[in-house]
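Presented below is the structure to which this report refers.
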Amino acid sequence: MTATHKRRVSSPADLWVISQGQNTIRDFSAGDKKIYREVAREYRISDLAVYMLNPNPVEVKKKLIGCEIYHQQPFREKVKEKIRQKLPKKLRGLLKDNHIKPEILIRPLAPKIGPLKDKELQSHIDKIYSSLRPYDPIFTKLSQLDSNKLSDIKGVTRDIDGKTSQLTLQGSLDEKVKYMIYYILQDVKVIIQKAYLSDGLFDMSGFDFESYNSKNLHRLIQFSHDGQSKAYVLDSQGKVKYWIDDVKFLQYMHILEQSIRINPQLNDSLTLCAKGKGKPFKLLFSNQLNIDYSEDFLPMAYREVFKNCRLGLNERAMVINSLKNFQRGISFNFIPQTGSIQEKLITNISVMHDLKALMPIKDNLPCLYSEMNKRAAASEIGKFYLLDSIRGYINGN
């Protein structure tokens, strides 16, 4: 069965995530090769959605800023540790721990000059930095390490938001030391389990926005069998490319699609990344933001509507109270590549509001409900409108 998929896209870069679904009948094979037929829902998804839904490992870049050096323990400490492990937990403290603790070697990052428009000047500055690297004290320390006296060495990386994480290095101890000397203070490739990190958080730095092509269409199939909802993505030959870990991720795709359509700030931020003028970082979905709006702190969507509908104080209070419920948040942060003196991590927050939150006041305030209904975008997870759009930044490290 062939279905026609429609999508509304208003982005300058034609950014989109997922289409409206169409019902279809499909044959499925169970583990015992038995064929069964189910009513399924078929969607078209973009390159962006394919990346976010993929449960496979993703390669990202992080700054290598240092390492953890693990020295070999004296023989007596190794023996003492074996004895300690055989003792009851209450008695283990009687043996004094004289283990040599890991040595942390971290190189603070200097203020970074953003990309320059003059490519020759940029290249000249990069060469100067490169020529000065061997004279940095951290290189002297690393070059003096004796691998015969080490038990391990692990890298320390830093994200663009300043958070650090441990990097497991491969190879022999000599190879690990050489790796640190060669790559310290540079961006290195790191493998993470998948783009989805946890609790609605996606790592977007592994997605190549510049290669994004809005004309690429991928098929996603969702169906239910034996009371369980499942979904998978097909490859170009019509075979299963991967199964989606949790069908709730489709809700994220739908709400992101809606937000891209109706929030110009989010749209512009993603478009900058697609044009190579921004480095994407994280995308976070929040089911309930609990932003407590008030008369003194009105959301963007209601500042003009309150004036046009001429509401009384009691009516305004009734509306404000309804705004606390059914909020959905989408937070996207990235670093613009504008050549500014210091990189800034910019965060865009889209506060999406489910129109059903206004149902209790619909009959009493038809003017207001009608206005918000016009602003809402519909999808399979509901009808949402942009309640507020917040933008801010922090200095990068």
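Brief remarks on what is shown
- Cβ-Cβ distance of PHE139 and ASP268, R₀ of 35 Å, FRET efficiency by 1/(1 + (r/R0)^6): the value works out to about 0.25.
- Rough spin-label spacing in nm, given labels placed 7 Å along Cα→Cβ, for LEU185 and GLU295: 5.8
- Whole-number accessible area per residue in Å² for the stretch 242-334, which is evaluated in the context of all protein chains at 1.4 Å: 46
- The stretch 246-397, accessible surface, carbon-and-sulfur percent (1.4 angstrom probe): 50
- Pairs of alpha carbons in the stretch 273-392 whose separation is greater than 24 Å (percent): 36
- Efficiency of FRET between ARG375 and LEU197 - r from beta-carbon atoms, R0 30 angstrom, step 0.05: 0.40
- Qualifying GluC sites (Glu not before Pro) in the stretch 292-397, DSSP loop, other Cβ atoms within 10 Å at most 11: GLU295
- Inter-probe distance in nm under a simple model that places probes 7 Å from Cα toward Cβ, at SER236 and THR164: 4.5
- For the pair HIS225 and ASN287, a Förster radius of 22 Å applied to the C-beta separation gives a FRET efficiency near 0.25, rounded to the nearest 0.05.
- Calculated Rg and Dmax of the stretch 227-343 using C-alpha coordinates, Å: 19.7, 61
- Largest to smallest in accessible area, the residues ARG328, ARG310 fall in the order ARG310, ARG328 (1.4 Å probe, all protein chains included).
- MET359 exposes around 90 Å² of accessible area when a 1.4 Å probe is run over every protein chain in place.
- In this label model, SER151 and ASN216 are separated by 4.5 nm, measuring between points 7 Å along each Cα→Cβ vector.
The values are calculated or read from the model by the stated rules, or taken from the named source; none is laboratory data. Quick caveat: nothing in here was measured; it's all calculated off a predicted structure. Neighbour counts are summed over all protein chains in view; Cβ atoms, including those assigned to glycine, are modelled from backbone coordinates with ideal geometry. Ligands, DNA and RNA are excluded from the accessible area calculation, which covers all protein heavy atoms including side chains. Shrake-Rupley method; radii C 1.70, N 1.55, O 1.52, S 1.80 Å.
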